Amino acid sequence: MNFDLGPYGVYIWPAYGVSAVALIGITLWSVIGWTKARAALAKLEQK
Amino acid sequence: MNWLFRYANPHNFMRLSNVLLPITAVATALCLGVGLYLGFTVPPDYQQGSTVLLLFIHVPADVAAEAAYGAIAICSLLSLVWRHPLSDIAGRAAAPFGAVFTALGLITGALWGKPMWGTYWVWDARLTSFLLLLFLFFGYMALWNAIEDEVRAARAAAILALVGVVNIPIIKFSVDWWSTLHQGESIVSGKIAPVYLAPLLIMMLGYILLFVSLWMLRIRTVILERRARTLMQRSAA
């Protein structure tokens, strides 16, 4: 694998960084939302 | 259409997605892992140098954004014609992911444009129509949030989504119809160098699978939230 991107690294790494943060962010948001909804429903069903 | 309506039932959707979601999640991780590995092993392009690496995140984000909009448009059509409540949930659930993929397409495109074109942004047909796609996602989400009555909100958002469909072929063919800095289509025409094709297709598949996985999970979440709301209303009555 080649991580030496020369002078273009200043454009490529931020693009990969922003993409990683955004994709991990929407994944976490979705998983947390699902976990909370499931817990809330379980609590209501116990009542 | 019968098969569609069978799974448009929330109960059946929960059962089906419970089986599908782990499969699409694992397939997403595999595609993105393999795609990234292959992407960082390709030789620099003879013209664009190592910026060719941006191909593997820019094009997949664009494709996923358009897929998300296509999904919203189909759900909107199903909602307006057959008025099935799950299609409203599904359309609304796809919008935040579509907006994120569109924003990523614009950001990674700008970071590719600067070293290749000498500018982050030009108001040409491809870039402007893609920016319009972002505003369509924002408008769709804003309509859902602005109208309190969910039935009216769903109808207004669905009409906006269907009107906005005209932007999809404009995005696709803008590079053919108008003079633009953006390069033309290179996958179907076979202009792309074969060495870049495999990582690009794998990353595209990875982004699409990620969208499908997150979309299913979001629909499941909204179904649970509605069940909880119904239980709360029953206990309050």
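The values are calculated or read from the model by the stated rules, or taken from the named source; none is laboratory data. Keep in mind that this is a model prediction, so the values were computed, not measured. Neighbour counts are summed over all protein chains in view; Cβ atoms, including those assigned to glycine, are modelled from backbone coordinates with ideal geometry. To get the accessible areas, we keep the full protein, side chains included, count just its heavy atoms, and leave off ligands, DNA and RNA. Shrake-Rupley method; radii C 1.70, N 1.55, O 1.52, S 1.80 Å.
When B:Glu150 is tested against the conditions (1) of a type outside the set (Lys, Arg); (2) in contact with a helix residue (DSSP H, G or I) (Cβ under 7 Å, 6 or more places away or on another chain); (3) more than 30 Å from B:Gln47 (Cα to Cα), the lone failure is (2). Screening B:Asp176 on (1) open to solvent by 60 Å² or more (accessible area, probe 1.4 Å); (2) within 30 Å of B:Leu200 (Cα to Cα); (3) under 18 Å from the mean Cα position of the chain (by Cα) shows it passes everything except condition (3).
Give region A:32-47 a look and list any residue that's surrounded by 13 or more Cβ atoms within 10 Å (Cβ to Cβ) and more than 7 Å from chain B (Cβ to nearest Cβ), or say none. Once the filter is applied, which keeps residues that are surrounded by 13 or more Cβ atoms within 10 Å (Cβ to Cβ) and more than 7 Å from chain B (Cβ to nearest Cβ), region A:32-47 yields only A:Lys36.
Scan region B:67-76 and give yes if some residue there is touching a residue at least 40 places away in the same chain (Cβ under 8 Å) and over 22 Å from B:Leu205 (Cα atoms), otherwise no. Yes; the residues of region B:67-76 include at least one that is touching a residue at least 40 places away in the same chain (Cβ under 8 Å) and over 22 Å from B:Leu205 (Cα atoms). Annotation for region A:17-25: no member residue is open to solvent by 50 Å² or more (accessible area, probe 1.4 Å), part of a helix (DSSP H, G or I) and among the hydroxyl-bearing types (Ser, Thr, Tyr).
Which condition number in (1) open to solvent by less than 50 Å² (accessible area, probe 1.4 Å); (2) closer than 29 Å to B:Phe40 by Cβ; (3) free of Cβ contacts under 8 Å to residues at least 40 places away in the same chain is the one that B:Leu131 fails? All conditions pass for B:Leu131, except number (2).
Considering only residues of region B:182-237 that are more than 14 Å from chain A (Cβ to nearest Cβ) and in contact with a Cys (Cβ under 6 Å, 6 or more places away or on another chain), which is surrounded by the fewest Cβ atoms within 10 Å (Cβ to Cβ)? Result: B:Leu205.
Taking the criterion of being within 30 Å of B:Arg229 (Cβ to Cβ) and at pLDDT 95 or above, would at least one residue in region A:3-12 satisfy it? Checked against the condition, which is being within 30 Å of B:Arg229 (Cβ to Cβ) and at pLDDT 95 or above, region A:3-12 yields no hits at all.
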